[in-house]
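Presented below is the structure to which this report refers.
The values are calculated or read from the model by the stated rules, or taken from the named source; none is laboratory data. What you see is a predicted model; the values in this text were computed from it and never measured. Note that we place each Cβ from the backbone using ideal geometry, even for glycine, and neighbour counts take in every protein chain shown. The accessibility values were calculated without ligands, DNA or RNA, using every heavy atom of the protein model including side chains. Shrake-Rupley method; radii C 1.70, N 1.55, O 1.52, S 1.80 Å.
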Amino acid sequence: MNKIVFATNNANKLREAAEILAPLGIEVISQREAGADCEPEENGVTFAENAIIKAKAVYDIVNIPVFADDSGLCVDALEGRPGVYSARYAPKGQECAKLIEEMKNIPDNKRTASFQCVIAYIDEKSSFTVSGSCCGSIGYEEKGTNGFGYDPVFVVGDKTMAEMTAEEKNELSHRGAALRALCEKLKG
Ligand code: ITT
């Protein structure tokens, strides 16, 4: 099985990537396991810029194949916010409550949103980015206890992402799509 280091400090992203990539023959190792205990400043203004910053910082330490994920929630009624600032929109655990409050006067038909994910990959021969997205809408209350971040307010079909099993989420998520695109590129 091929090994790739995932440049992230987010344990939920790590778990999802491991679940998605294992059946495709790729073993995911955390940056900490690989000996890279760093948290580079994410000062890019796009998902791609931030993904590249994270992948490079870890690649420079470990020198084996690395990928990083920069992702976030883009809400149409908020002109794409919180977007690249999703991790910094509210203190951890309060992001859904803050978003529900900010969206309280937005009618049903204007609550559309998408999760976006850009993955940057680097090895000794190549570097590239791939992306994935998932369209849905913002609910009026938090529902479900699975997943993380904005999952309890992000509705796809008749469920929030936090009401889905890990398999259901991975099948349709932005991260699932980007990771499958990464595999396709690596198969080349
Ligand atoms: P790393 O930078 O260490 O990977 P992070 O959590 O800071 O971890 P990002 O900078 O990419 O990652 O921020 C992404 C934020 O967007 C994340 O903290 C969540 O709030 C949100 N997010 C991304 N993917 C999500 C998902 O699948 N479900 C729910 N929220 C998600």
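Those residues that are acidic (Asp, Glu) and open to solvent by less than 20 Å² (accessible area, probe 1.4 Å), I need them from region 1-39; list them, please.
GLU16
Search region 35-63 for residues being aliphatic (A, V, I, L, M) and within 20 Å of ARG15 (Cα to Cα), and hand back the single one that is nearest to the ligand (Cβ to nearest atom). Outline the logic, then answer.
Keep residues of region 35-63 that are aliphatic (A, V, I, L, M), which gives 36, 45, 48, 51-53, 55, 57-58, 61-62.
From the residues that got through so far, the ones that are within 20 Å of ARG15 (Cα to Cα) too are 36, 51, 55, 58.
Details: ALA36: 11, ALA51: 8, ALA55: 10, VAL58: 10 Å.
The selected residue is ALA51.
Right, ALA97: more than 26 Å from ALA18 (Cα to Cα), more than 10 Å from the ligand (Cβ to nearest atom) and open to solvent by less than 60 Å² (accessible area, probe 1.4 Å) or not? The answer is yes for ALA97.
Evaluated against (1) assigned to a strand (DSSP E or B); (2) under 24 Å from CYS38 (Cα atoms), PRO91 falls short on exactly one condition, (1). Selection of first residues in region 84-96 that are over 17 Å from ASP70 (Cα atoms) and of second residues that are more than 9 Å from the ligand (Cβ to nearest atom) and assigned to a loop (DSSP other than H, G, I, E, B), restricted to Cβ pairs under 7 Å at least 6 apart or on distinct chains, gives the following pairs, ordered by first then second residue: CYS96/GLU142. Identification of strands (runs of 3 or more DSSP E) wholly contained in region 100-188 with 2 or more residues that are over 23 Å from PRO82 (Cβ atoms) and within 16 Å of the ligand (Cβ to nearest atom) yields 112-122.
If you go through region 137-159 and keep only what is on the phi < 0 side of the Ramachandran plot and either among the hydrophobic types (A, V, I, L, M, F, W, C) or touching a strand residue (DSSP E or B) at 6+ places or on another chain (Cβ under 6 Å) (or both), you end up with SER137, ILE138, GLY139, LYS143, PHE148, TYR150, PRO152, VAL153, PHE154, VAL155, VAL156.
Do we have ILE64 as open to solvent by less than 50 Å² (accessible area, probe 1.4 Å) and of a type in the set (A, V, I, L, M) here? Please lay out each step first, then the result.
Details: open to solvent by less than 50 Å² (accessible area, probe 1.4 Å): no; of a type in the set (A, V, I, L, M): yes.
No: the conditions fail for ILE64.
So is PHE47 open to solvent by less than 20 Å² (accessible area, probe 1.4 Å) and among the aromatic types (Phe, Trp, Tyr) or not?
Details: open to solvent by less than 20 Å² (accessible area, probe 1.4 Å): no; among the aromatic types (Phe, Trp, Tyr): yes.
Here the answer is no, as PHE47 does not meet what is asked.
Residue pairs whose Cβ atoms lie under 7 Å apart, sitting 6 or more positions apart in sequence or on different chains, and linking a residue in region 12-39 that is of a type in the set (Gly, Ala, Ser) to a partner that is open to solvent by less than 50 Å² (accessible area, probe 1.4 Å) and away from the ligand (no atom under 11 Å from the Cβ), are ALA17/VAL28; ALA17/LEU179; ALA18/VAL28; ALA34/VAL5; ALA34/VAL62; GLY35/VAL62; ALA36/VAL62.
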